[in-house]
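Each value in this text was obtained by applying a stated rule to the coordinates, not by laboratory testing. From a predicted model like this one, the values you see are computed outputs, not experimental measurements. Note that we place each Cβ from the backbone using ideal geometry, even for glycine, and neighbour counts take in every protein chain shown.
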Amino acid sequence: MSSSTHPAIGIIGSGFIINECHLPAYLKNGITPAAIASRTKENAEAVARQHGIARVHDGIDAMLADPSIEILDIAVPPQHQPAIILEACKRGTVKGILAQKPLTIDFAEAQELVAACEQANITLAVNQNMRFDPAVAEAKRLLDEQTLGAAVFSTIEMRGIPHWQPWQESLQSATLRVMSIHHLDCMRFWHGSPSAIYCSTRPDPRTQFPHQDGICTSILEWDNGLRAVIIDDVWTGPAHEGCPSELKIECRLEGEQGIAIGEIGWVQDPYTTPSTLRYASKGDQDFHHARLDGSWFPDAFAGTMQDLITALENDTTPTLSGRDNLETLALVEAAVISSTENRRVELSELIK
């Protein structure tokens, strides 16, 4: 993936996700942002120096007022993101917005943001970057080509310790809106939206701020009989406290005609371990090993931006459109309701 010419990109934010994920992936793939702004100009200047960004705006308002910017790449905490998106819609100068996940914490507010962008003729995409992990994308190809046959049972098992963000403490939320949201979206990417979910959670012993959604187990149900299970184990035993542990994210897709097993190269050591996928169908003597390039972090972040750029250039809908993302947010909200009310929740309760 490479692009020598593309719409002018303005980055809003200068934290870890921009500095360590967005920009390394963009520059590796020929995507050079035109400008950057942050709540703290000094931080934006430091990131600009490190990655060769030509312009640093005084603040977020100055970025929004820049008529030359065609795409906003927003990476701020979810409680601050809606106001920026709505102001961009009010000004109506940009053509596209790549927003962070979660788009917002409140599902009704997310619906308002999607509608506002549509009314302003701004193409909104949400950075559900796991879809562009090479193992996840290859599994999708196998499903689409019916290599595995009709899907029967899929799992994602994460045994990893994420970097918690400061904004999570104020929301008293750990895993569901930060890690599980990726895995729930991934199941939607592979199989479409389920009809219902049951989610059980408990606090993570290591995480100090108040929360209930530390270790999470979700069961997803489709009307055609397909079932999926997601295990998000951010404890993994006392791995940070001196105990040996085996960190991994593994996906497994079982169909009537075959099976695929992948490992997502993120929580392992080294940090950028390549993702892998092996698969087999009826009659195969052994697994085929897919030829993949790259890992989830940071490589997949180029895919989300390139997806938006391509949609703008071709006047099409991005894979990660805001409208599509509403179903992922509804699934996350259903998981929250299920875990707090101890019951199975149908998506139709949220999506009318």
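Just tell me which lysines come within less than 22 Å, Cα to Cα, of Lys282; anything on the same chain fewer than 8 places away is out.
Qualifying lysines at Cα under 22 Å: Lys140.
How high is the FRET efficiency between Arg49 and Tyr271 when r is their beta carbon distance and R₀ equals 30 Å, given to the nearest 0.05? It would help to have the intermediate numbers written out before the result.
Values: r = 23 Å, r/R0 = 0.76.
Computed FRET efficiency for Arg49 and Tyr271 comes out at 0.85.
For the chain, what D do you get in µm² per second when you plug the Kirkwood radius from alpha-carbon pairs into Stokes-Einstein at 10 °C and 1.306 mPa s?
On the way: Rh = 20.9 Å.
Here the translational diffusion coefficient equals 76 µm²/s.
With an 8 Å cut-off on Cα pairs and a minimum separation of 6 or more residues, tell me the relative contact order of region 255-349 in percent.
Values: 94 pairs, mean separation 15.6, N = 95.
Once normalised by length, the contact order is 16 percent.
Can you list which of the GluC sites (Glu not before Pro) found in region 193-297 are DSSP loop residues with at most 15 other C-beta atoms within 10 Å?
Glu246, Glu256
Say R0 is 25 Å: what FRET efficiency, to the nearest 0.05, do Lys28 and Thr93 get from their beta-carbon distance?
Values: r = 29 Å, r/R0 = 1.14.
Efficiency, rounded to the nearest 0.05: 0.30.
Peptides 80-86, 145-151: what's the order by average Cβ count within 10 Å, highest mean first?
Numbers: 80-86: 18.4, 145-151: 15.4.
Ranked from most to least packed, the peptides come out as 80-86, 145-151.
In region 84-115, what trypsin sites (Lys or Arg not before Pro) fall in a loop by DSSP, with at most 14 other Cβ atoms inside 10 Å?
Details: sites: Lys90, Arg91, Lys95; in loops: Lys95.
Listed in order of number, the matching sites amount to none.
Taking only C-alpha pairs under 8 Å that are 6+ residues apart, what is the relative contact order of the chain in percent? Working shown, then result.
Details: 733 pairs, mean separation 63.8, N = 352.
The normalised contact order for the chain reaches 18 percent.
Return one number: the angle in degrees, 0 to 90 and rounded to the nearest 10, between the long axis of the Cα atoms of helix 134-144 and the longest principal axis of the Cα atoms of the chain.
Taking Cα atoms only, the helix is inclined about 60 degrees.
Once R0 is set to 35 Å, what does the formula 1/(1 + (r/R0)^6) return for the Cβ-Cβ distance between Glu246 and Thr317, expressed as a FRET efficiency to the nearest 0.05? Working shown, then result.
Numbers: r = 40 Å, r/R0 = 1.14.
Efficiency, rounded to the nearest 0.05: 0.30.
Straight-line reach from Lys90: which lysines have Cα under 22 Å away, leaving out those fewer than 8 places along the same chain?
Lys101
Sum -39500 (n - 2.57) across every DSSP H segment of at least 4 residues in the chain, then divide by the residue count to get the 222 nm mean residue ellipticity, nearest 500. Please list the in-between numbers first.
Working: 10 runs with 109 residues, N = 352.
Value at 222 nm, helices only, nearest 500: -9500 deg cm²/dmol.
Test of understanding: express the Cα radius of gyration of region 9-127 as a ratio to 2.2 N^0.38 Å, with N the residue count.
Details: Rg = 13.4 Å, N = 119, 2.2 N^0.38 = 13.5 Å.
The reported ratio for this selection is 0.99.
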